[in-house]
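Presented below is the structure to which this report refers.
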Amino acid sequence: MLQSPSRLHGPLKSTNFRFPALIALALSAVALSACGAKEETLLGDFAENATASAAFYDTQGKVVGQIAFAEGPHGVMMRVDVKGLSQGWHGIHFHQKGDCSDGGAGFKASASHVDPADIAHGLMNPKGYEVGDLSNLYGGADGRATAEFFIANVALNPGEEAAASFGEGNILLDDDGFAVVIHEGPDDHQSQPIGGAGARVACAALVSR
Ligand SMILES: [Cu+2]
């Protein structure tokens, strides 16, 4: 038997039409905000799938970039996209505390480098290097730096497996988290205690959820 026109075009049908319209509106709002975030950084899908992420702040407290991490079996992958740097190379390190609240005072609250075994600073130092030591970052003529780093033998999140693989001291998201700090000049990877990298100009705080 054929359905009557009232069943096809009646109130039930028109009610069903309203919901998809509302959902479509909501989805387009989400899509717009996701698009906005993508335009602001060059981190790509990496940021959306990140194990941890944070904003970089300059010494005035302004957001100047983003950082994201992915945890892997041999260490962590990190992407950085930051603006407002002077042109040239900049030291970038893991500092001990996830606290970037005192930019005006030079980000002292982030403490010194992550260094559980109290080893000398410098990736090119024959005595070894700190867990917080990283390769330099280059700020272009427009003040922007975008890079990917792989840091071997560290984990983000605590856990038996991470502790067994890398040691407790090599877990970055401990109770007080950690900070990624960018310095005004390059790290020479040898000088003590920070490779002559100078003042702290940007900071991203990472704390465990
Ligand atoms: Cu540093």
Residue check, F46 more than 14 Å from the ligand (Cβ to nearest atom) and surrounded by fewer than 21 Cβ atoms within 10 Å (Cβ to Cβ): yes
First in segment 82-95 and assigned by TED's automatic domain parsing to the domain that holds S110, second anywhere and near the ligand (Cβ under 10 Å from one of its atoms) and of a type in the set (F, W, Y), Cβ under 9 Å, 6 or more apart: H95/F107
Contacts under 7 angstrom Cβ, first residue in segment 102-115 being under 16 Å from L172 (Cα atoms) and modelled with pLDDT of 95 or more, partner β-branched (V, I, T) and within 10 Å of the ligand (Cβ to nearest atom), 6 or more apart: S110/V181
Given (1) closer than 15 Å to C203 by Cβ; (2) surrounded by fewer than 13 Cβ atoms within 10 Å (Cβ to Cβ), index of the condition S112 fails: (2)
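Would you check if Q87 is more than 14 Å from the ligand (Cβ to nearest atom) and either surrounded by 15 or more Cβ atoms within 10 Å (Cβ to Cβ) or at pLDDT 95 or above (or both)?
Considered against the rule, which asks whether it is more than 14 Å from the ligand (Cβ to nearest atom) and either surrounded by 15 or more Cβ atoms within 10 Å (Cβ to Cβ) or at pLDDT 95 or above (or both), Q87 comes out as yes.
Yes or no, residue by residue, for (1) out of contact with any strand residue (DSSP E or B) (no Cβ under 9 Å at 6 or more places or on another chain); (2) away from the ligand (no atom under 14 Å from the Cβ):
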{"site": "K97", "(1), (2)": "no, no"}
{"site": "A105", "(1), (2)": "yes, yes"}
{"site": "D118", "(1), (2)": "yes, yes"}
{"site": "N136", "(1), (2)": "no, no"}
{"site": "F150", "(1), (2)": "no, yes"}
{"site": "L156", "(1), (2)": "no, yes"}
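Here is a yes/no grid of residues against (1) among the β-branched types (V, I, T); (2) in a loop (DSSP other than H, G, I, E, B); (3) modelled with pLDDT of 95 or more; (4) crowded, with 19+ Cβ neighbours inside 10 Å:
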position	(1), (2), (3), (4)
G122	no, yes, yes, yes
F150	no, no, yes, no
N157	no, yes, no, no
E161	no, no, no, no
A164	no, no, no, no
G169	no, no, no, no
Pair list, Cβ under 8 Å, 6 or more apart: segment 197-208 residue over 15 Å from F178 (Cα atoms), other residue more than 14 Å from the ligand (Cβ to nearest atom) and not polar (S, T, N, Q): V201/D58; V201/L85
Residues within segment 173-185 that are more than 12 Å from the ligand (Cβ to nearest atom) and on the phi < 0 side of the Ramachandran plot, tallied: 4
Enumeration of residues in segment 44-69 that are within 12 Å of the chain's Cα centre (by Cα) and assigned to a helix (DSSP H, G or I): F46, A47, E48
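The values are calculated or read from the model by the stated rules, or taken from the named source; none is laboratory data. Given the structure is predicted, the values throughout are model-derived calculations rather than measurements. For neighbour counting, all protein chains shown are included, and Cβ atoms are generated from backbone atoms with ideal geometry for every residue, glycine included.
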